[in-house]
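Student: Quick one: this structure, given as structure tokens, is what I'll be asking you about.
Computed from the coordinates by the stated procedures, all read-outs in this text should not be read as laboratory data. Computed from a prediction, not measured in an experiment: that's the story for all the values here. Because the Cβ atoms are built from the backbone with ideal geometry, glycine has one as well, and the counts that use them run over all protein chains shown.
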Amino acid sequence: MTYVHISKAQRALLLNQYRILEILDTKNAEQYRNFQKILERGFTILYSDIIRVCDEMTVEEGRYVLDVLDVFRTLKSSYEQLADKSGINPERLKFEGFGGNGESQLTRFTEFLKEHAQYKETVPDSINSHSPTEYRYRPMVERYHAIERRHKGLVNGGLNKEEILEILE
């Protein structure tokens, strides 16, 4: 569990904000009164209950999410262009999301991208796969990048059948 540490000045500011919210948002007034008590009495162990601070996502994690989504976007569009689709299970071309528990930052970032109409053709309605995905997605991304290197850059024209199967192996 991560504990939140705040100064007395920050406590005073938060306390005033919760007093204002209690007046403005009467539906949640009781919750705001409880938050005020926690802050007034200095119940440090409960600060994390009222201050929802997520760990920062690293640049590498963000790049990984974008890479995964790029792979699935390219797989889908390349598959649609193929004349011979035999041997390729179209279900394996669908992005299933990230694990909501162990991969929560990845899930939240994907939700953010979806909310801002990015990768809308790739991201499903339910982004939580309910199980870890890195063991599957990381090798796919690595194989995709290897194919990009062979093409000396982006795979603009799409992947051929053999390349799709290589990524899915």
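Student: Give me the residue from the range 1-42 that is among the polar types (S, T, N, Q) and more than 29 Å from the chain's Cα centre (by Cα) and, out of that set, surrounded by the most Cβ atoms within 10 Å (Cβ to Cβ).
Tutor: Our first condition is that a residue be among the polar types (S, T, N, Q); within the range 1-42, this holds for 2, 7, 10, 16-17, 26, 28, 31, 34, 36.
Still in the running and more than 29 Å from the chain's Cα centre (by Cα): 7, 10, 16-17, 26, 34, 36.
Details: 7: 8, 10: 14, 16: 12, 17: 14, 26: 10, 34: 14, 36: 19.
Checking each candidate, the answer is 36.
Student: Of 130, 145, which residue is at positive phi and not small (Gly, Ala, Ser)?
Tutor: Values: 145 fails: at positive phi.
Result of the check over 130, 145: 130.
Student: Filter the range 64-88 down to the residues that are outside any helix (DSSP H, G or I) and in contact (Cβ under 8 Å) with a residue 60 or more places away in the chain and list them by number.
Tutor: Here is the first cut: in the range 64-88, the residues outside any helix (DSSP H, G or I) are 82-88.
Answer for the range 64-88, where residues must be outside any helix (DSSP H, G or I) and in contact (Cβ under 8 Å) with a residue 60 or more places away in the chain: 82, 84, 85, 87, 88.
Student: Taking the range 119-132 on its own, how many of its residues are in contact (Cβ under 8 Å) with a residue 40 or more places away in the chain and surrounded by 12 or more Cβ atoms within 10 Å (Cβ to Cβ)? Lay out the reasoning, then the answer.
Tutor: Just the residues of the range 119-132 that are in contact (Cβ under 8 Å) with a residue 40 or more places away in the chain, to begin with: 119, 121-123.
Imposing the further condition that a residue be surrounded by 12 or more Cβ atoms within 10 Å (Cβ to Cβ) reduces the set to 119, 122-123.
Number satisfying all stated conditions: 3.
Student: Okay, next question. Please find, among 162, 121, 142, 169, the residue that is more than 29 Å from residue 104 (Cα to Cα) and among the acidic types (Asp, Glu). Walk me through how you get there before you give the answer.
Tutor: Numbers: 121 fails: more than 29 Å from residue 104 (Cα to Cα); 142 fails: more than 29 Å from residue 104 (Cα to Cα); 169 fails: more than 29 Å from residue 104 (Cα to Cα).
That would be 162, the only listed residue that is more than 29 Å from residue 104 (Cα to Cα) and among the acidic types (Asp, Glu).
Matching residues to (1) in a helix (DSSP H, G or I); (2) under 29 Å from residue 101 (Cβ atoms):
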position	(1), (2)
5	no, yes
10	yes, no
20	yes, no
31	yes, yes
34	yes, yes
39	yes, no
48	yes, yes
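Student: Just for the range 97-118: of the residues that are hydrophobic (A, V, I, L, M, F, W, C) and free of Cβ contacts under 8 Å to residues at least 24 places away in the same chain, which one is nearest to residue 61 (Cα to Cα)?
Tutor: Here is the first cut: in the range 97-118, the ones hydrophobic (A, V, I, L, M, F, W, C) are 98, 106, 109, 112-113, 117.
Remaining after also requiring free of Cβ contacts under 8 Å to residues at least 24 places away in the same chain: 112, 117.
On the way: 112: 14, 117: 20 Å.
Among those residues, the one meeting the criterion is 112.
Student: Of the residues that sit in the range 50-99 and are within 16 Å of residue 163 (Cβ to Cβ) and β-branched (Val, Ile, Thr), which one is surrounded by the fewest Cβ atoms within 10 Å (Cβ to Cβ)?
Tutor: By that ranking, first place goes to 88.
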